Structures are given as C-alpha cells and as structure tokens.
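**Student:** One structure coming up, written as structure tokens, with questions to follow.
Read-outs: derived from the displayed coordinates by stated rules, not from any lab. Keep in mind that this is a model prediction, so the values were computed, not measured. Quick reminder, even Gly has a Cβ in these numbers, built from the backbone with ideal geometry, and neighbours come from all protein chains shown.
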Amino acid sequence: MSLTQDTAADGLYGLLAEFSSPETLLQACEKVRDRGMSAWDAHTPFPIHGLEKAMGLKRSIIPLFVLVLGLGGAAIGMLMQWWIATKAYPLVISGKPLFSWPAFVPVAFECGVLGGALGAVFGFLGQARLPQHNHALFNSENFERVTDDGFFISVEAADPNFDREETEQWLLDLGATRVEAIAP
Amino acid sequence: MDTVAEIDPVVGRPALIAGEPDFHSITESVAAPMEWKPPIGWYICLGISLLMLSLLGISIGWLFWEGVGIWGNNQPVAWGWPIVNFVFWVGIGHAGTLISAVLFLFRQKWRTSINRTAEAMTIFAVMCALIFPGIHIGRPWLPYWMMPIPNSMGMWPQFRSPLMWDVFAVSIYGTVSLLFWYVGLIPDLATMRDRAKTKIRRTAYGIFSLGWRGSMRQWNHYEKAYLLLAGLATPLVLSVHSVVSFDFATSQLPGWHTTIFPPYFVAGAIFSGIAMVTTLMVICRVVFKLTHIINPLHFDRMSKLLLVTGTIVGYAYSIEFFVAWYSGNPYEGFTFLNRAFGPYAWAYWIMVSCNVITPQIFWIKKARTNMTVLFIASIFINIGMWFERFVIVVTSLHRDFLPSSWGYFRPTFWDAATFIGSFGLFLTMFCLFVRFLPMVAMAEVKGTLPQAHARHPDPESDLEPVGRIA
C-alpha cells in the first residue's frame, strides 16, 4: 500500500516528506543534495544551522544590495544637501563656505543607513520571492505545521531525477516519517 | 517559580527557557494570548489607555486652538516639557534596538525572549517622541517645513542645524526600527496564519506573512538580511541619540555645550529603555503566562545592563562637574552649582538618587531576580531618566548669562495632560500589540532550544560541529 494519496489525478506538484527532528532532516538533506536534485527545498519552523551547507545553498547576495544601496543612500543624502546649500537656497552662516560638508555628515550617514536597510528588506523579499501568497505546498494540511514544529523536504515533480514511486520510497528510506503527494 | 533556570545539557550554560519545552509548546504558550478571550484586566488596561489617549487628543486640540501659551514655556525657558518629553521618549525607544540588534551581533541568545516586545516598545516610543517636536513648533500647520520638499516659496531646510539632523535621525530610526521589527515578525505571522481558526484572522495574518513557507532557501536570505539589518541598526541607534544630544551640545549654552553629551545620552537612553522593558515585562510575563519563556535569567541579564548603563550615567554626571570646575569657565561653573544647589536642586537630587543610587541594588544577585525589586527599581529609573532630561533642559536655560533675564519654569495643567496623554498613546499601542501580535519571537526562541541544534553523528562530515550557542 502506498503511503501517498493522490489529490489530483491530472498532475503533481511534487512530494512532501516529513522528518521527525532537525538531525534527521539535516542528514536527509545531505543525501538529496548528493543525489544532484535541483528542484527541492527544506522547510523548517526556524533556521537550522548547518542546513544551508547540507543543502548546498550558495551564500546570499543580499550584502551586495546593502552595500550598493547603503553607499547610494549616503551619496544621495550628501548630494541633496550640497544642492540645497549651494544652489537652491545658499545662505552664508558664520562665514563658513556654502558647502560646509562636515555639517552634512550626520544626515548623509542616516540616509546611508536608510538605503542599506531598504536594500536588506527589499533584497530579501526579492531573493526569497515574497510576497507569494499562493503556493502548491499550502494545499497540504499537514504543511501547516511547518511554522510550528514540522520539518519537511519538498521535492518537485519538475526535477529531472524525479520519479513518483522511486523518489517516494527513497525519501522513506532517508527516514521520512510520512510522504505526501502535493497537488499543483 | 522565580529561580534561575537549570543547566542546558548541550552547552553547559543556564537554559534560556525554563522547564523542558518542545517546539510545539513554545508555539502554544506564545500564541495563547492572541487566541484566548482576553482577560478582563486587558480590557481595563485598554480602557484606561484609551482615556489617556483621548486626553492627548484634547490637549493637542486645545494647543492648536489656543497656541503654545497654554504650556509653561516662557522666556528664558523656551524649551519646556515638550523637548523634555521628546528626549525621554526617544531614549526609551533605544532599548528595543539595543536588545534586538546589538545583542544579536554579540550572539546573546537570551535576547530572543524579550526582543520582540522591546522592538514594539521602540516603535511606539518613537511615535510618542515624534509628536512633541511636531506640536512644539508653534505653527503646527507647517511641520512640512522640516522636510526637504520643493515648494512655491523656494525655501529649503538649513542642514547646518542639528535640529535638521534630528529630523532625519529620528524619522529614519523610526523607519528602520519598523522594518527590522516587521522582518522579524514574518515567520511568526505565518505561524499565526497557520493556526488561525477564523477567516478574518487567516486573511489578516496571511496578508502580512507574505506567504512565508519556512523554506530553507528563504531562511538563507532571511538570516542574512536580519544580520545586516542588525549591523545597520547598531550604528544607527548610537547615532540617533548622539544627534539628539547635538541639539544641545552644539549650542553655546553652559550646561549644554559639552563634548561628553553623545556617549552620555546614548548610555542614558539605553538605561531608560531597558528600565521600561523591565517594567512592561514584569507585568506581561505574569498576565500572559509566559513565566517559563521570560524567566529570571533574562531579568538577571537586563539588570546587569541597568547597572552598567546607570553607572555610566553616574560617571557622566560627575565628569560634568569636574569639567565645569577644571575648565575655569565661570558661567559653566555657576550653571552646575546652580543645578545641584539652585532653585531646581530638588529635580537634580531626584535624578541622582533614581539614576545612580537605585541601580546599585543590582550588585546583589537576589535583587536581580526578584520581580518586586525589579519592578520598583525600574519605575524609579523611568522617573529618574525623565528628570534627567528636565534637569538638562530647564536648569541650563532658566539662568543664563544675564541675571536680569533669569526666570523660573512652572509646568501647567496642559503640560501634564499632554505628557500623560502620550503615555496613553504608548499604552494603547502596547495593549493592541500584545493582543494581536506574537509578543515573543517564536521562531527565534525555538532556535535556542537544545534540540534545535542538529548534531551530526558522522565526524567525517564536512559540516561544522553544531550545537554552539551563546
């Protein structure tokens, strides 16, 4: 008897395997990585350290967004003050030059922090493909536990190595406590 | 109940969460206050807060109708309570970012139990703070003059003024705190979405959780973004209160014109903010049955921070006196003697006893974990830190260089009403927060449990040995 129940006759998003603990999930992820799967993911209620290596994930490129937008923000902040102080509304204050840049450092710094923070947040949303309110995995009722205490691996049918029967058995052999077919 | 927790078997340090919780029980404990019918005490608190909030509305309405003359501000004390309250609230707002960002960078895992509430408190405190300069400007229909907005008058702000730096520092601080808080909330909002029993809750939490599905590919970016936000918020939090102190320090006024102000203000801000976190947490942990998650260990660490920052503040008070004498400047010397022994000596000594003497009780270990002591001490510190700002603003202004222009500042009913009203705004927001948002960062707390650390059984593995937590 197969443990999976077909929820859609005409297609399949993939398989969702549940694991009982961070340890078993981590070991299973190494195996999935070593098998050369590409369209798969692990789902956990909290980030598990070492799992990104076990999955073979690349380093996030968010630092790049932060660097570029942070420096950009600071430059825009300084440029704005330069333009206001020398072009738009030039005022001589206590005989100082119009572009008295040391006085403009605090605002330029704050603008840089704002740029960097926006870079981090929107970089994260872009890289994590959020917001994405609809996803095939939400078809699984059991998947609701992913934000509580469930540890899952999802393997998509789109993966070239995917084979319904064989992959299911393989996931069970990796220690999955339960494998479920996900409708698209 | 109130004893420091047992030793964590994995790391050999005191366990951060009392008892032996599993992941699910953390979710249950934290989610419960949002899913119960709220206790009657919550309605009472919200009712009182709303009454105070309406007092704020009335005060501001009357102010807009009548003008700033309804306050006690006079010449020479043109910066009265509004600026005192502004600095007070901004200061309180600093603990949130300290606990969330600075302690995160230092890998202080104990922060996970309290960081969410502290961040929320930061945002509400900054909201209160922003009201005061806004309504203090005299012509409250013109606050947009503080922003660099193109306008038909061809006027632009003057960026050599520290008051303009302040506009940018505080508003950007509010924005970044909000972003940091929201990013931290996303996984927990998803938890609430998945637990929701009603359609309204499911939709509301669903929209704000952005479709989070706990994917490790998402977590990978999430963790990096969170780390970088913490890295950005740390210099930001230090800069914000430094900039607030520049409002004073760049002036020529004895009592304000000192180089010690930036570090002194930052330490004071963290001091007052942690005191406010302590006050709120002592109550919330009991009301919402979170005593095992927010346990004496966390209060022990927070009171050590109170002791450190309180002592730094005490050092600043004394070094100000030393420099006033050592500089040989007669005006500066007079200002400080006047502060301690002049007409406002009562305020000065309230400040010293609340801020310097009170935290010394935390040298005693028992006091650091005793909720009654903590509550009373934190209230004293809140009062003391308000008086610190009062002393700085009022005693420096009321007697300046010319004795003929000396004066005395007395607050009016409307000064008090506006200040109490700002507490109404703060407490209303806080009551709504504890009711509708998870007040403990569930995902982060779960990550600190011993069983969250996957120990790889295979020593040949290329994985780092995991299981290290601070």
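**Student:** Any chance you could tell me what percent of the C-alpha pair distances in region B:236-369 go past 23 Å? Spell out each step's value before the answer.
**Tutor:** Numbers: 3878 of 8911 pairs.
The share of Cα pairs beyond 23 Å in region B:236-369 comes to 44 percent.
**Student:** Right, something else. Collect residues whose amide H, placed 1.01 Å from N in the peptide plane, falls under 5 Å from the amide H of A:ASN161; neighbours closer than 5 in sequence don't count.
**Tutor:** For A:ASN161, whose amide H was placed from the backbone, the distant partners under 5 Å are A:SER38.
**Student:** Follow-up. Can you run phi through the Karplus equation (6.51, -1.76, 1.60; θ = phi - 60°) for region B:249-261 and list ³J(HN,Hα) in whole Hz, with x for Gly and Pro?
**Tutor:** These are the phi-based 3J(HN,Hα) values: 5, 7, 7, 8, 7, x, x, 10, 7, 9, 7, 6, 4 Hz.
**Student:** So how far apart, in nm, are the two label points at B:GLU35 and B:VAL323 if each is 7 Å from Cα heading toward Cβ?
**Tutor:** Calculated label separation equals 5.5 nm.
**Student:** Ignoring GluC sites (Glu not before Pro) that are buried or in helix or strand per DSSP, and keeping those with at most 12 other beta carbon atoms within 10 Å, what is the longest stretch of chain B between them? Provide the component values of the computation, followed by the final result.
**Tutor:** Numbers: sites that count: B:GLU6, B:GLU460.
Answer - B:7-459.
**Student:** Return the subset of B:LYS109/B:LYS197; B:LYS109/B:LYS199; B:LYS37/B:LYS109; A:LYS53/B:LYS197; B:LYS289/B:LYS366 for which the Cα-Cα distance in this structure is over 27 Å, preserving the input order.
**Tutor:** On the way: B:LYS109/B:LYS197 32 Å; B:LYS109/B:LYS199 35 Å; B:LYS37/B:LYS109 32 Å; A:LYS53/B:LYS197 37 Å; B:LYS289/B:LYS366 22 Å.
Beyond 27 Å between Cα atoms: B:LYS109/B:LYS197; B:LYS109/B:LYS199; B:LYS37/B:LYS109; A:LYS53/B:LYS197.
**Student:** What is the Cα coordinate range of region A:62-127 on the first, second and third principal axes, sorted by size from largest, in whole angstrom?
**Tutor:** 49, 19, 12
**Student:** Using Cα pairs closer than 8 Å and at least 6 residues apart in sequence, work out the relative contact order for region A:62-127, in percent. If you can, show how the numbers build up before the last one.
**Tutor:** Values: 76 pairs, mean separation 38.7, N = 66.
It comes to 59 percent, rounded to a whole number.
**Student:** Before rounding to the nearest 500, sum -39500 (n - 2.57) across all DSSP H runs of length at least 4 in chain B and divide by the residue total; then give [θ] at 222 nm in deg cm²/dmol. Could the numbers behind the result be given before it?
**Tutor:** Working: 15 runs with 290 residues, N = 470.
Rounded to the nearest 500, it is -21000 deg cm²/dmol.
**Student:** Residue by residue, what Karplus-based ³J(HN,Hα) values in Hz, rounded to whole numbers, does region A:95-110 have, using 6.51, -1.76 and 1.60 with θ = phi - 60° and x for Gly and Pro?
**Tutor:** Result, rounded to whole Hz: x, 7, x, 4, 8, 8, 4, x, 6, 9, 5, x, 5, 4, 4, 4.
**Student:** To make sure I understand the rule: partners must be aspartates and glutamates, Cα under 14 Å from the Cα of B:LYS365, and not fewer than 8 residues away in the same chain. Which ones qualify?
**Tutor:** B:ASP2, B:ASP300
**Student:** Specify whether the C-alpha gyration tensor of region B:33-161 places it in the rounded, prolate or oblate class, a ≥ b ≥ c being the square roots of the eigenvalues: rounded for a/c under 1.5, otherwise prolate if a/b is larger than b/c and oblate if not.
**Tutor:** Details: a/c = 2.30, a/b = 1.42, b/c = 1.62.
Taking the square roots of the gyration eigenvalues as a ≥ b ≥ c, region B:33-161 is oblate.
**Student:** Which cross-chain or sequence-distant (5 or more) residues have an amide H under 5 Å from the amide H of A:GLN132, H modelled 1.01 Å from N in plane?
**Tutor:** HN-HN under 5 Å from A:GLN132: B:GLY211.
**Student:** Let me have the relative contact order for chain B, percent, based on Cα pairs under 8 Å that are six or more residues apart. List each step's numbers first, then the result.
**Tutor:** Working: 638 pairs, mean separation 147.6, N = 470.
That works out to 31 percent.
**Student:** Right, something else. Using only the C-alpha atoms of chain A, find the volume of their convex hull and express it per residue in Å³. Numbers along the way, then the final one.
**Tutor:** Numbers: hull volume 29.1 nm³, N = 184.
Given the Cα convex hull of chain A, per-residue volume reads 158 Å³.
**Student:** Continuing with this model, one more query. May I ask you to list the trypsin sites (Lys or Arg not before Pro) in region B:153-245 that are in a DSSP loop and have at most 12 other Cβ atoms within 10 Å of their Cβ? Please report the intermediate quantities before stating the final value.
**Tutor:** On the way: sites: B:ARG160, B:ARG193, B:ARG195, B:LYS197, B:LYS199, B:ARG201, B:ARG202, B:ARG213, B:ARG217, B:LYS224; in loops: B:ARG160, B:LYS197, B:ARG213.
Hits after loop and neighbour filter: B:LYS197.
**Student:** How many nm is it between the label spots at B:LYS197 and A:ARG33, if each spot is 7 Å from the Cα in line with the beta carbon?
**Tutor:** It works out to 4.2 nm between the two label points.
**Student:** Could you list which residues have their amide H under 5 Å from that of A:PHE151, counting only those 5 or more apart in sequence or on another chain, with H placed in the peptide plane?
**Tutor:** Result for A:PHE151 returns A:PHE19.
**Student:** A follow-up question, please. For chain B, take the convex hull of the Cα atoms, compute a quarter of its surface area, and give me that in nm², please. Walk me through the numbers on the way to the answer.
**Tutor:** Working: hull surface 104.6 nm².
Over all viewing directions, chain B projects a mean Cα-hull area of 26.2 nm².
**Student:** In whole Hz and in residue order, list the ³J(HN,Hα) couplings for region B:111-118 that follow from phi through the Karplus curve 6.51 cos²θ - 1.76 cosθ + 1.60, θ = phi - 60°; x for Gly and Pro.
**Tutor:** Going residue by residue, I get 5, 4, 6, 10, 5, 4, 5, 5 Hz, with x marking Gly and Pro.
**Student:** How far is helix A:22-34 tilted off the main Cα axis of chain A, in degrees rounded to 10, range 0 to 90?
**Tutor:** On a 0 to 90 degree scale, this one is about 90.
**Student:** What Kirkwood hydrodynamic radius do you get for the protein assembly as shown when you take the inverse of the mean 1/r over all pairs of distinct Cα atoms, in Å?
**Tutor:** Result for the protein assembly as shown stands at 27.0 Å.
**Student:** How far is the Cα center of region B:417-445 from the Cα center of region B:90-110, in Å?
**Tutor:** Answer, in whole Å: 17.
**Student:** Please give the FRET efficiency for A:LEU79 paired with B:TYR331, using the beta carbon to beta carbon distance and R0 = 35 Å, rounded to the nearest 0.05. Intermediate results must be reported in sequence, preceding the final value.
**Tutor:** Working: r = 40 Å, r/R0 = 1.15.
The value I calculate is 0.30.
**Student:** Taking neighbour counts of Cβ atoms within 10 Å as a proxy for exposure, in what order, fewest first, do B:MET34, B:MET153 appear?
**Tutor:** On the way: B:MET34 19, B:MET153 7.
Starting with the residue having the fewest Cβ neighbours, the order is B:MET153, B:MET34.
**Student:** Length gain on complete extension for the stretch B:THR259 to B:LEU432, per 0.36 nm per residue less the alpha carbon to alpha carbon distance? Intermediate values should be presented prior to the final figure.
**Tutor:** Working: separation 173, 0.36 × 173 = 62.28 nm, distance 4.07 nm.
Contour length minus the Cα-Cα distance gives 58.2 nm.
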